[in-house]
Amino acid sequence: MTSANTSSPEVLRLHAEDAYAHELAALAAHDKLPRPTMWNLSPRAVLTYLMGGVAGDVEITPKYVGQARLMEVAVATLATDRALLLIGVPGTAKSWVSEHLAAAISGDSTLLVQGTAGTDENAIRYGWNYARLLAEGPSEAALVESPVLHAMRRGKIARLEELTRVQSDVQDTLITILSEKTLPVPELNTEVQAVKGFNLIATANNRDKGVNDLSSALKRRFNTVVLPVPDSLEDELSIVTRRVESLGRSLGLPDVPPALEEVRRVVQVFRELRSGLTEDGKTKLKSPSGSLSTAEAISVVTHGITLATHFGDGTLSARDVAASLVGAVIKDPVQDQAVWNEYLETAIKKRDGWKAFYAACRDVS
C-alpha cells in the first residue's frame with residue numbers, strides 16, 4: 001500500500017474526463033442552454049467540446065477533425081432513445097469519439113465493454129460473486145454489475161467497442177436493453193429499468209464486415225454514423241500531430257513541430273498507398289494488404305520520436321521513421337514487399353526533398 005506521504009505514480013494514459021477536465025469545467029460553467037436529463041452539458045456544448053472552440057477564456061481543443069454535421073448527428077442521437085453505432089475503417093477515431101462523447105455527456109468514459117470473440121453475455125448483462133452466491137444464494141449483494149447495467153442504473157453512457165467481433169447470440173442480448181430499456185434478472189425475479197440519461201455507444205470496424213454481422217432487429221435499435229477517412233492530407237496531418245503530441249507528453253518525449261516535415265511524409269505515404277494514387281494524381285499505385293490507418297501513422301511517428309530521443313539527437317529524422325514505417329506497410333513479406341519496392345522506385349526515388357527518406361527506407365527494406 002502506498003504511504004500517505006508518497007505520491008502515486010503517474011498513469012500512462014488519463015481518461016478523457018481527467019485529461020480534459022479543465023475544458024469540461026469551463027464549458028459547464030458557461031453553458032446556459034437546456035441540458036437533457038442527467039447530461040453534464042447541453043448538446044451544443046458537447047459539440048463544442050468535440051469540434052473545438054472557446055468557453056470564456058479557455059480554448060477548447062478539437063477532439064475530432066472532420067465534418068461537424070457527423071458529430072451533430074451523433075450527439076443528437078444520444079439525446080433520443082436510439083443508441084449510436086459508429087462505423088469506419090481502422091483509425092477513423094471511432095473509439096476516440098466514443099470516449100469523448102461519454103466524457104462530455106456523463107463525465108465518465110470508463111463504462112466500457114471491449115468486444116471480442118470471447119465476450120459473453122455476462123459482460124453485457126451481469127455476473128455473480130460466486131463466493132456470496134454459494135453462501136447466500138441469489139441476492140442483490142451477490143450480483144456483479146456489468147458496465148452496461150451500471151450505466152442503466154445511474155443514467156450514464158455505456159460503451160461497447162468492436163461490436164461485430166462479438167458473437168451474434170451475445171450481440172442480441174442488447175435488443176431488450178435498447179428497445180425496452182430494461183434488463184430482466186430472472187434469478188431475483190426482478191428487472192433493472194434504465195434511468196433517464198442512459199444510452200449506448202457501440203463501434204464497429206467495417207473491414208470486419210461479415211465477421212459477426214448485426215441482426216436486422218439489432219440494427220434497427222441503432223442510429224449509424226459512418227466516420228470517413230480524413231478528407232485531406234492537412235486534416236490527417238493535424239490529427240496525427242495532435243495525437244502524437246498528446247502521447248508524447250505522457251511518455252516524456254519531445255514536441256513534434258520541429259519534425260513536421262517527417263510527419264508529413266509519413267502521412268502522405270500512408271494516404272498514397274491507401275488510395276492507390278500519388279498525391280498529385282499522376283501515378284497509379286498498388287496498395288498493400290494492411291489498412292494503413294491514421295492510428296498506424298500515429299504509432300509510426302511516436303515510435304520514430306522514441307528512437308530519436310533515446311538513440312539519436314532528439315530530432316525526428318527519416319532514419320527514425322523508416323523502420324516503423326516499413327513494418328507498418330509490409331504485413332505480407334512477399335506481396336507487400338513487392339508493392340513497397342515498386343512504390344519507392346516509381347513514386348519516391350525522384351521526388352524533390354525526399355532523397356534521405358528514400359535512402360533510409362531502402363536501407364531498412
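The values are calculated or read from the model by the stated rules, or taken from the named source; none is laboratory data. Since the structure is predicted, the reported quantities are computational estimates derived from the model, not experimental observations. Note that each Cβ is placed from the backbone with ideal geometry, even for glycine, and that neighbours are counted across all protein chains shown.
Condition check: of a type in the set (D, E, K, R), exposed (fewer than 15 other Cβ atoms within 10 Å of the Cβ) and either farther than 30 Å from N40 by Cα or not assigned by TED's automatic domain parsing to the domain that holds V89 (or both). Does E136 satisfy that?
yes
State all residues of the stretch 284-297 that are over 16 Å from R242 (Cα atoms) and either modelled with pLDDT of 90 or more or not assigned by TED's automatic domain parsing to the domain that holds V321 (or both); if no residue qualifies, say none.
Result: K284, L285, K286, S287, P288.
Can you tell me which residues in the stretch 92-148 are under 19 Å from the mean Cα position of the chain (by Cα) and at positive phi?
Those that are under 19 Å from the mean Cα position of the chain (by Cα) and at positive phi: A93, G107.
Just to verify a result, which residue in the stretch 63-117, among those that are charged (D, E, K, R) and in a helix (DSSP H, G or I), is surrounded by the most Cβ atoms within 10 Å (Cβ to Cβ)? Explain how you work it out, then say what you get.
Keep residues of the stretch 63-117 that are charged (D, E, K, R), which gives 63, 69, 72, 81-82, 94, 99, 108.
Filter once more, so that each one left must be in a helix (DSSP H, G or I): 69, 72, 94, 99.
Working: R69: 9, E72: 17, K94: 26, E99: 21.
Among those residues, the one meeting the criterion is K94.
Looking at the stretch 276-311 only, could you name the residues that are closer than 20 Å to L227 by Cα and among the β-branched types (V, I, T)?
Within the stretch 276-311, T294, I298 qualify.
In the stretch 248-260, is there at least one residue being charged (D, E, K, R), at pLDDT below 95 and not assigned by TED's automatic domain parsing to the domain that holds D81?
Yes: one or more hits.
Which ranges mark the helices (runs of 4 or more DSSP H) fully within the stretch 298-365 that have 1 or more residues being assigned by TED's automatic domain parsing to the domain that holds E262, without any contact (Cβ under 8 Å) to a residue 24 or more places away in the chain and buried (at least 17 other Cβ atoms within 10 Å of the Cβ)?
In the stretch 298-365, 355-364 are the helices (runs of 4 or more DSSP H) which contain 1 or more residues that are assigned by TED's automatic domain parsing to the domain that holds E262, without any contact (Cβ under 8 Å) to a residue 24 or more places away in the chain and buried (at least 17 other Cβ atoms within 10 Å of the Cβ).
Could you say which residue among G276, G252, G290, G281 is without any contact (Cβ under 8 Å) to a residue 60 or more places away in the chain, under 23 Å from the mean Cα position of the chain (by Cα) and at positive phi?
Exactly one of G276, G252, G290, G281 is without any contact (Cβ under 8 Å) to a residue 60 or more places away in the chain, under 23 Å from the mean Cα position of the chain (by Cα) and at positive phi, namely G252.
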